[in-house]
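Taking it in order: structure first as structure tokens, then the write-up.
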Ligand SMILES: [Zn+2]
């Protein structure tokens, strides 16, 4: 490092600052960088770590690298880290909450400077000493979250692509996608043949037309006629009743929908169910308040 300082004609402290990514004057930085290049000087991140008790290592956790979204994301993160002289420690979690938790502990043991993760574990435990940035998952006000608008965005994308085509489902699907993009409504359909865990059974979904019954009072409990059983049987007797019918959010179990049929369930249904209608009306009122 002394050689670099001599070559650049700057103090040793200035070289140290540049190497550790601490801002210095532009001219000094350029001089140090060209001296480093000229002398082919290699900074050991371990040696850097000794001096600052940092490891210059960031753990990055996503489910896999097969999905184009994840691979692109990891590639961008890696490039940004490299530019800042950080190394990436990559973990693939395979959507497995237990494995995620194990990898977080492993990353902590390896004394990483921070963790960037796309988690599928709502109860992820992270030591408060290790800064964590969450991708697309909200863990509360203490943890920074970088999110893409994939929910409403997906609805807008679908409406747009449909409007470019002549499809017999154009109108009904646009209305359904409008339910997503404007109303923030969830899909009320589900798959019989599979039990897919898209929602956490012990947390209330944010969508106004889906519930896990965890906090049903905050949803449409007030619209359910007295004496209606919950879960509400999907029978003729309750065909026109607002209730809590099992099946919604792609899951056949654990998530409940407000009505037997709704535009958020099937395209052939002529209207939104009363709960979806109320959610949309509330948003209209929010955006266009009555004076
Ligand atoms: Zn509905």
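Kindly express, to the nearest 10 degrees and within the range 0 to 90, the angle between helix 274-287's C-alpha long axis and the longest C-alpha principal axis of the chain.
Tilt of helix 274-287: around 50 degrees.
Sorted by packing (mean other beta-carbon atoms within 10 Å per residue), highest first, where do 271-277, 68-74 land? Working shown, then result.
On the way: 271-277: 20.6, 68-74: 14.4.
So the order, starting with the most tightly packed, is 271-277, 68-74.
Taking R0 as 35 Å, what FRET efficiency do you get between residue 33 and residue 137 from their Cβ-Cβ distance, rounded to the nearest 0.05?
0.40
Would you calculate a helix-derived [θ] at 222 nm for the chain, using -39,500 (n - 2.57) for each DSSP H run of n ≥ 4 and dividing by the full residue count, to the nearest 500?
Theoretical 222 nm ellipticity from helices: -11000 deg cm²/dmol.
Can you give me the C-alpha center-to-center distance between the range 101-124 and the range 171-222, rounded to a whole angstrom?
Answer, in whole Å: 29.
Mind sorting 136, 75 by how few other Cβ atoms lie within 10 Å of their own Cβ, fewest first?
Numbers: 136 15, 75 11.
Fewest-to-most Cβ neighbours within 10 Å comes out as 75, 136.
Calculate how steeply helix 150-163 sits against the longest principal axis of the alpha-carbon atoms of the chain, using the helix alpha-carbon long axis, and give the answer as 0 to 90 degrees to the nearest 10.
70
Test of understanding: what is the full-extension gain from residue 252 to residue 20, defined as 0.36 nm times their sequence separation minus their Cα-Cα distance?
Using 0.36 nm per residue and subtracting the Cα-Cα distance, I get 78.2 nm.
Please work out the Kirkwood hydrodynamic radius for the range 53-146, using every pair of different C-alpha atoms, and report it in angstroms with one decimal place.
Roughly 13.3 Å, rounded to one decimal.
Given a cut-off of 10 Å, what percent of all Cα-Cα pairs of the range 2-43 lie beyond it?
It works out to 65 percent of all Cα pairs.
Angle between the Cα long axis of helix 170-181 and the longest principal axis of the chain, 0 to 90 degrees, nearest 10?
With both axes taken from Cα atoms, the answer is about 60 degrees.
Calculate the tail of P(r) for the chain: the fraction of all Cα-Cα distances greater than 27 Å, expressed in %.
Beyond 27 Å sits 58 percent of the P(r) for the chain.
Points 7 angstrom from Cα along the Cβ direction at residue 80 and residue 40: gap in nanometres?
With each label point 7 Å from Cα toward Cβ, the separation is 3.4 nm.
Rounded to the nearest 0.05, what FRET efficiency do residue 146 and residue 266 give with R0 = 45 Å and r taken as the Cβ-Cβ distance? Could you check?
0.80
Every number here is computed from the coordinates shown, using simple stated rules; none is lab data. All values derive from a computational prediction rather than experimental measurement. Every residue, glycine as well, gets a Cβ built from its backbone with ideal geometry; the counts of neighbours run over all protein chains shown.
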